[in-house]
Each structure stands twice: as C-alpha cells, then as structure tokens.
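Contents: one structure, followed by commentary.
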Amino acid sequence: MKIVNQSYRKKDAMQLVTGQPVYTDDLVPNDCLLVKVLRSPHANAIVESINTAIAAKVPDIEAIYTWEDVDQDGERCTYAGQTYPEPSPYDRLLLDRHVRFVGDIVAIVAGKTEKAVDKALSLIKVKYQLLDAVLDFRTALDNPVLVHPEDTWKANCPVGADNKRNLCAHEVIEDGEVDKILAECDVVIDQTTHTKAVQQDMMEPFVTYCSIDTYGRLNILSSTQIVFHCRRIIANALHIPKTMVRVVKPRVGGGFGAKQSCVSEMYPAFVTWKTKKPSKMIFSRYECHIASSPRHEMEVRVRLGATKEGKIRAIDLYTLSNTGAYGEHGPTTVGLSGHKSIPLYGSVEAFRFISGFDVVYTNLQAAGAYRGYGAPQGIFAVESAVNELAARLKMDPIKLREMNITREGDIMPAYYGAPNTSCALDRCLEQVREMSGWEQKFPLQQLPDGKVRTMGVAIAMQGSSIPYCDVGGATLKINDEGHYTLLIGAADMGTGCDTVLAQMAAEVLECDYDNITVFGADTDASPYDSGSYASSTTYITGKAVEICAQRLRGKICQLGARLLECGTDQVVFDGREVRDTVSDKAVSLFDIATASMVNNDIALEETVEQNSVLSPPPFMAGVAEVETDLLTGEAQVVNFYASVDCGTPVNPHLAKVQTEGGILQGIGMALMENVTYSPKGRIYENSFMQYKVPCREDIGHIYVDFASSYEESGPFGAKSVGELVINTPAPAIADAIYQATGKRFMTLPITPEKVAMGVDEE
C-alpha cells in the first residue's frame, strides 16, 4: 500500500495551526435572532402559570414561547441520534409543562441582542407546583415518585421499558450455569464499582443556526455528528414533514458523543419555523455542564470465579444505570458495560449479564453518548475484579490475563455470539510489558522524596459499528482535469475521518492524496450515513469508500476503452491514464474527464451504501505508571504505555493522536472529573472553576504503539480506534494506586482527599 498505512497530514491541519478554521458561528450573519432559554431551578415541578407579558415588552425581543405554545398531548420524541426505530424511548416534548431536572427548559426567548434576551429572561415570572424528586438512582426503580407519569410516553423498541416503574430498559442475558460454576470456584471476587457522570467538554460548545431557504424549508447549520438523524429528530420535535428540513454540518470543534444527541438544535429551529426569521443558539459553558448529555452514571456489581491456578471460569455482571430525566441512549449504553468487558476473557465457562431493570429514570440531568458508550464503566468493573483476583492469588496481573484472554478464532458468546475474526491482544500485552519495563518496576518503587511509584494494567475492547444497523455512504465523482470529489455523510469532528477516507479513495484510484476533495455532511447532497458514532466511520464508511472507488475505476476504464476504440477487458488504469494493453495506446485521465462532459452517457460518478453483519472488536492493553504522595494523597500518572490493535492503522499518526486523546480523557475520568449534586438536585460542578479536566501538564508521557492484526471484512484490514482508547486508564490507574496504598478504590474519581483519608465515597 502506498497511501493507506501512511501518516499523511490532516486535510484541515494548516487551517487549524494558522487560526483559520471556520466553525458554525463563523458562518452566521450578525443580524439573526439570538435564542436563549429559561431553565427550571427545581428538580421536579409543574409550571402552574407563567407570565411573559413584561418580558415581551423589552425592546428588540422578537418572541417568547412556553409550554402553552406546544401541544402537551402531542406525540413525544427522543433527542437521541439513533437509527429509526430508536431504542431510546419517546419521552420528550420541545416545551413541557412538567419540568424534570434542574436546568430543564421552561421558556424560549428570541431577540435581536443578547442584552435584550438576558433582560427578558430575568422578567419572566413563573409559579411552580413543586413535586418530590428522585435523586438517588439506587432508589428509583418502583419509586412512588414517577419521573414520567404521562400516558403519551412511548417505547418504540422492546427494551423492557416501563415508565410506571421509572424503568428505561431491562434485559437478562445468560450463557451456562453461572451459580453452579461460581460455587465450584476456589476464589470468588464479589465487588461493586461506581462511575459518576462525566462531561465531554469539547472545545466548541453546542452551536446551531437556522434559516428559511427560498423554498420555505427549514435549514439547520449545526455542530452535530448526526446530520440525517438530526433531520428526523427536528421534524419529530416540531411535528413537521422531514422533507421540510435540511441539516448541514460545517467544521465540528469536538463532540466525543455529546453531539450524537440533539441538545441545542430544536430551540432555534422552533423559533425560525415560527417567525420565519434566522436565529442561532450557542450554549454557554454553564449550560454545557448542567443541561447537555454526560456519560451515564453506573453501578456495576461483578462476581468473578476462578481456580487457584488463575483460570477464570465464570463472570456474573449486574449494571444499574442512571439515565437521568430522559432516556437518550439509556437502553443502549448499558449493553456495552457487559458486552465489551466479559468477552475479553474467552476462557470463561459461563457468564450472566443483567442489564436493565437497571436503566432507571431520575430527576437529574439526562445522560447521553460519550466516547466508549458504556464500555468504560463495565471495563473498569471487570478489570478491577481481575486485578483483585491477581492480588488474591499473588499472581502477575499480566500473566493472569495472558492465561485467560480471548484470541483470534474464538467464538465470543458474551459478544452476541460473534467470532473473533482478528485479534492481537496477546501481542498487545507483551508489547506493554516490554514498553513499560514491567519486570523491573512492578509492583512498587520507593522514591527518595517519600513518594511511591507503582504500576497497574488493564485490557479493553470496543466494536466497529453497530452490526445489522449502521450504514455508511460514499459518493465519488470525477471533475474537470481529473481530480475527484468525495461526498460523505459522516462527520469529521476533529477525528480526521476526512483525511482517512481520502487516503482510502486515493489508494484505490492510484492518485495523489491531494487530488481527493472531501465534502460533507449535508442531508440534501451527501449519501445517507448513520453518522459518526459507534466507532463506525473507518470500518463502515471506509468500506463504502473503498468499494465506491473500485467501481469508479471500472467506469473510468469503460470510458477510456471507448475513446481508445477497444474492449474494456484489454485496458488498464494506473491513476494517470488508461492504456490499451494490445496496441499500447493510452488516453490521459484529463482527457477522460473532459470527454465525460461532452456527448457522453457514462456517468463518472458512483455511490455506495455499506453495512455489516460484523462489528470486529479492536483491542488494547494499557499500563499506568503512577506516582503517589501517601501524605497528601495526590496521584499523578507519570507514564502511560499503550499498545493498540485497530487492524491496519490507515493513518498511524492520526491513530496515535486518537489514542493519546482517549487516554488523557480516561485519566481525567479516573482522577479528577466529578459531578456531584446538592440535596435539591443542582449540579455543583457547573463551570471549569469547579469541574477539573486534565491538561497536558497534568501527566508525564503517553507512549503508544500498535500490534496490528488484519481484519478481512474491513477496508484494507482496518478496524476502529476512536472509542477503544478511553477504556484502560481507569482500572489501570486504580490498581496502581492500590499497589501504593493497599486500598482498592471502587468509586471514580479517585481524588487526593479519598487517597489521603482512605475512604472510597466522599
């Protein structure tokens, strides 16, 4: 391969480093309406009355909307970006008289200036009927207080949901006689982990601009990962035909899953549809922290049984997940807590995974999609249990894993019974052992300043798309002078997918990488694509690009053969010209492109839609080297070593950057990122003054290498990498801290206060 598996510079790199990228707000006219919302100060309440008369008199105020402007008995919707019929329940109204968390929407205000809008918001008078609230997800199931008592609540898919029980989803999956085998085991680990909600905190917040085009259609320009799903969600929320909605994605300044839900889009859309005037909404960082879509809080109980020699025989996993006030991604994230953790250990004779009665509603901020999508919570639980097993058996944690891991060719019952078609997890473990100097450093080094340096290890897997569901689309066409345009529906949100997909097209077409111009994503122009989530872009959309480029090559050869007056079967194409192998005559790509535009009936354009019945997992091993001050409790990751099996890395440099970023986020989840609530349900950490995220200076070095397998079903042997890489830091760091302190912390984050005081829950 000449272009694939090479580290090309990102398509937009120079714009970024020279300060010239164009984001959503850079494209918005100055004279559009500014939209803001009034948010509820109560966790659970009914709006008895709302008086907007004084606020409406503020100069430059265009419109104010409340629950009275929305049919309260109308069909509800979900804001989750998922393929229809969405597993997430239909539990949302655009404006609801019943507000369900601190930060829920009470009113929408649109005006010509921010000053006017802010003043109007302060003048709206609301009388609430306060209701008891469910603030502890452990008591939510069958609680007499119902988060969604309404009869218009609806579940489109059979996920075990029951709003009259505060239940968003329920499922039981079992293989083998778990209890019998656990009873036979020499050692049984039984422990419960607790992972808090975690904020995505992408650099660009939620930004949406709306306008009416010349055909009277609602045009939405938004920082989103899901243009096609967004179109459906907006249409459902506004109760208008989908044909009247167009969604376009400009550059996205990060998403991490937050923009897989429609968090901001429907409010300016509603304003513009009502007023027929352009409008925009930009979430403040405060709003991003109190009313967005953070990671689901989960409590995971693991029972793990093994022989005294270290063979893991059974895993029993129970997950309780807090979806918050609304059910976006609740029924689906919980599945990954088991399906992406239990299969790591292919030797188990039996497993049980209970996910469900267990995904519960509370009167807290609604959760959503976040990188890893439930896998980090489950992997933290299972890997912590495996590390505890190693401690009980006095075994090397890497050797214990080498005895039990899944290997290529295995069938994985806990991964939907899928085959392990490509796997280098054994090599990943061996690689991090060597990279980290494990043999010399584990378990503990006493430093001269009184601190201790310790190491912990963890392994992880993820998926590559949602099988039998996700669709990736690509359109390739040749333009004047023989350069190409690649149209995609996937969203580059800093991940570099525009670059990676262009490399695949250039590899097949044997052209220079710069000859591929990438355009996307636009619901009017792009081929259908589920969107950039579920680690699907490289694997699914990439395969669509590969096939699309191959078919376009065939059409180029067909037209070239016509110009050469010979049969298509006797020509070859080398990226520059089509040559007749018999006469040795040739016609250039320039001439072929020109001919395609004159008296021609061969369209040099191809569109491919691609799906997959497989979701081949990428694998990873990670070792955290942590320095702990036993006096202050401060723990710092001085080195993190990662070995990744993502199949063929299409662009090794970008894959490395993805890995480094995911590890950094995982470190934040492990050590500092915390969401806590007041007794009335208000989030304390509502800005960067309270919510600490890691920066580059918070850690020492991150070392990344690849132990590549080859995935036959993927484009050029590729799998995914984007989500996998956030999964190992938390359990590896937790075990390193255990090696230093002798205490196993089961609740994240592990703060200095916890370490110093030796307590798990604050």
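Points to keep in mind about this one:
- Criterion (within 26 Å of A506 (Cα to Cα), crowded, with 17+ Cβ neighbours inside 10 Å and touching a Gly at 6+ places or on another chain (Cβ under 8 Å)) met by exactly one of F573, F640: F573
- Between V721, V725, the distinction of being part of a helix (DSSP H, G or I), within 21 Å of A375 (Cα to Cα) and within 22 Å of the chain's Cα centre (by Cα) belongs to V725 only.
- The number of residues in region 79-106 that are under 27 Å from F228 (Cα atoms) and not in a loop (DSSP other than H, G, I, E, B) comes to 4.
- Any hit, region 464-486, residues being assigned to a helix (DSSP H, G or I), among the charged types (D, E, K, R) and modelled with pLDDT under 95: yes
- If you go through region 418-458 and keep only what is assigned to a helix (DSSP H, G or I) and aliphatic (A, V, I, L, M), you end up with L425, L429, V432, M435.
- Across region 487-524, the number of residues qualifying as closer than 28 Å to G257 by Cβ, in a helix (DSSP H, G or I) and charged (D, E, K, R) comes to 1.
- Some residue of region 124-135 being loosely packed, with under 15 Cβ neighbours inside 10 Å, closer than 26 Å to P85 by Cα and touching a strand residue (DSSP E or B) at 6+ places or on another chain (Cβ under 6 Å): no
- Test result for D601, free of Cβ contacts under 8 Å to residues at least 40 places away in the same chain, in a helix (DSSP H, G or I) and more than 30 Å from Q665 (Cβ to Cβ): no
- Remark: pairs (first residue in region 57-68, within 18 Å of S279 (Cβ to Cβ); second residue part of a loop (DSSP other than H, G, I, E, B) and not acidic (D, E); Cβ separation under 6 Å; 6+ apart in sequence or on different chains) = D60/K112; D60/T113; I64/T52.
- Among the residues making up region 409-429, those that are closer than 14 Å to M620 by Cα and in contact (Cβ under 8 Å) with a residue 60 or more places away in the chain are S422, C423, A424, L425, R427, C428, L429.
- Those residues of region 661-703 which are out of contact with any Ser or Thr (no Cβ under 6 Å at 6 or more places or on another chain), hydroxyl-bearing (S, T, Y) and assigned to a loop (DSSP other than H, G, I, E, B), in sequence order: T676, S678, S687, Y691
- Residues that are surrounded by fewer than 18 Cβ atoms within 10 Å (Cβ to Cβ), acidic (D, E) and not assigned by TED's automatic domain parsing to the domain that holds P731 number at least 3 in none of the strands (runs of 3 or more DSSP E) confined to region 155-216.
- Of the candidates V334, V348, V300, V386, the single residue that is of a type outside the set (S, T, N, Q), assigned to a strand (DSSP E or B) and buried (at least 24 other Cβ atoms within 10 Å of the Cβ) is V300.
- The test for being surrounded by 20 or more Cβ atoms within 10 Å (Cβ to Cβ), assigned to a helix (DSSP H, G or I) and either free of Cβ contacts under 8 Å to residues at least 60 places away in the same chain or under 28 Å from the mean Cα position of the chain (by Cα) (or both) holds for A734.
The values are calculated or read from the model by the stated rules, or taken from the named source; none is laboratory data. As the structure is a prediction and not an experimental result, all values here were calculated from the model. Backbone-built Cβ (ideal geometry, glycine too); neighbour counts: all protein chains shown.
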